[in-house]
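**Student:** Got a structure here, written out as structure tokens. Questions coming.
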Amino acid sequence: MARWEPDSRGRLERAALALFGERGFENTTVAEIAARAGLTERTFFRYFADKREVLFGGAGALRELLVRTVDAAPATAEPLEVVVAAFEAAAAVLQERRAFSQQRQVVIAANAELREREVLKLALLGASVADALRRRGVAGTAASLTADTGIAIFRAAFEAWVEEAEEREFPQLIRDTFAELRAVAAGAETPGARLVPTAR
């Protein structure tokens, strides 16, 4: 019988990611994850409903943080700035788990079902942010467009952040990506991007 060890959840996460990388997500069982972590299957199910939840279990907490940040923003703040600030707050939390996020991204990229689940997760986050904006008085379509823009900024910044060569922290990448978007919208060039003239 495996003896109790501290940080059981973290041990299970690390074991799962290692096995997903070695064997593939589909070929890894909960029993193998628990054994690698030196824990029991019963302990695994105390923290995760199934092996997918190792990768997606934090979505609920992330959604709550985004909504809470939008709700707490000053009433005079511009909607898109409110949304970007919410994603900056989320990025600050995720910054502490960069290694996990990098490994997680590799596993998801290699599995079509997980990629679909990731898209769904982002869509649900966007819907929750849009609902929070509507509570602030932002009209229906504008709320959805603003939330979707926030998701696009978050996703682009995330993809840059998980690259090994990237030295900027995640919240800074959110801000930089937002600045690039605003520059493009204003018709200006940014240091990292060049506008392509429309063919005539």
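The values are calculated or read from the model by the stated rules, or taken from the named source; none is laboratory data. Because the structure is predicted, anything quoted here is derived from the model rather than measured. Here the Cβ is made from the backbone with ideal geometry for all residues, glycine too, and neighbour counts use every protein chain on show.
**Student:** How many of the residues making up region 19-28 are assigned to a loop (DSSP other than H, G, I, E, B) and closer than 23 Å to ALA59 by Cβ? I'd like the intermediate steps shown before the answer.
**Tutor:** Step one: list which residues in region 19-28 are assigned to a loop (DSSP other than H, G, I, E, B), which gives 24-28.
Among the residues that remain, those that are also closer than 23 Å to ALA59 by Cβ are: 24-26, 28.
Total meeting the criteria: 4.
**Student:** Next question. Just to be sure I understand the filter: pairs with C-beta atoms under 7 Å, separated by 6 or more residues or on different chains, first member in region 4-33 and buried (at least 19 other Cβ atoms within 10 Å of the Cβ) and of a type in the set (D, E, K, R), second member part of a helix (DSSP H, G or I) and modelled with pLDDT under 95. Which pairs pass?
**Tutor:** Listed by first residue and then by second, the contacts come to GLU13/PHE100.
**Student:** Among the residues of region 96-105, is any on the phi < 0 side of the Ramachandran plot, in the same structural domain as ARG63 (by TED's automatic domain parsing) and not in a helix (DSSP H, G or I)?
**Tutor:** Quick first cut of region 96-105, residues on the phi < 0 side of the Ramachandran plot only: 96-105.
Next, from what is left, pick out any that are in the same structural domain as ARG63 (by TED's automatic domain parsing): 96-105.
Within this subset, residues satisfying the condition of being not in a helix (DSSP H, G or I) are 96-97.
Yes, the conditions are met somewhere in region 96-105.
**Student:** Of everything in region 57-82, what is out of contact with any Phe, Trp or Tyr (no Cβ under 9 Å at 6 or more places or on another chain) and in contact (Cβ under 8 Å) with a residue 24 or more places away in the chain? Give them in sequence order.
**Tutor:** Kept after step one, since they are out of contact with any Phe, Trp or Tyr (no Cβ under 9 Å at 6 or more places or on another chain), are these residues of region 57-82: 58-65, 67-68, 70-79, 82.
Those that are out of contact with any Phe, Trp or Tyr (no Cβ under 9 Å at 6 or more places or on another chain) and in contact (Cβ under 8 Å) with a residue 24 or more places away in the chain: ALA59, LEU62, ARG63, LEU65, VAL67, VAL70, ASP71, ALA73, ALA75, PRO79, VAL82.
**Student:** One residue is enough: does region 30-42 have a residue meeting the conditions at negative phi, of a type in the set (S, T, N, Q) and not assigned by TED's automatic domain parsing to the domain that holds LEU133?
**Tutor:** Of region 30-42, the ones at negative phi are 30-37, 39-42.
Those left that are additionally of a type in the set (S, T, N, Q): 40.
Then keep just the ones that are not assigned by TED's automatic domain parsing to the domain that holds LEU133; that gives 40.
Yes, region 30-42 contains a residue that is at negative phi, of a type in the set (S, T, N, Q) and not assigned by TED's automatic domain parsing to the domain that holds LEU133.
**Student:** I need the full set of residues from region 49-82 which are surrounded by 13 or more Cβ atoms within 10 Å (Cβ to Cβ) and among the polar types (S, T, N, Q), in order please.
**Tutor:** Scanning region 49-82 gives a single hit, THR69.
**Student:** Moving on. Among the candidates ALA142, ALA112, ALA99, single out the residue that is among the aliphatic types (A, V, I, L, M) and more than 21 Å from LEU17 (Cβ to Cβ).
**Tutor:** Details: ALA112 fails: more than 21 Å from LEU17 (Cβ to Cβ); ALA99 fails: more than 21 Å from LEU17 (Cβ to Cβ).
Checking each option against the conditions leaves just ALA142.
**Student:** Please work out which residue is surrounded by the most Cβ atoms within 10 Å (Cβ to Cβ), limiting yourself to region 86-144 and to residues that are acidic (Asp, Glu) and over 20 Å from ALA75 (Cα atoms).
**Tutor:** Step one: filter region 86-144 for residues acidic (Asp, Glu), giving 88, 96, 113, 116, 118, 131.
Within this subset, residues satisfying the condition of being over 20 Å from ALA75 (Cα atoms) are 96, 113, 116, 118.
Values: GLU96: 10, GLU113: 11, GLU116: 11, GLU118: 19.
So, considering only residues that are acidic (Asp, Glu) and over 20 Å from ALA75 (Cα atoms), the one surrounded by the most Cβ atoms within 10 Å (Cβ to Cβ) is GLU118.
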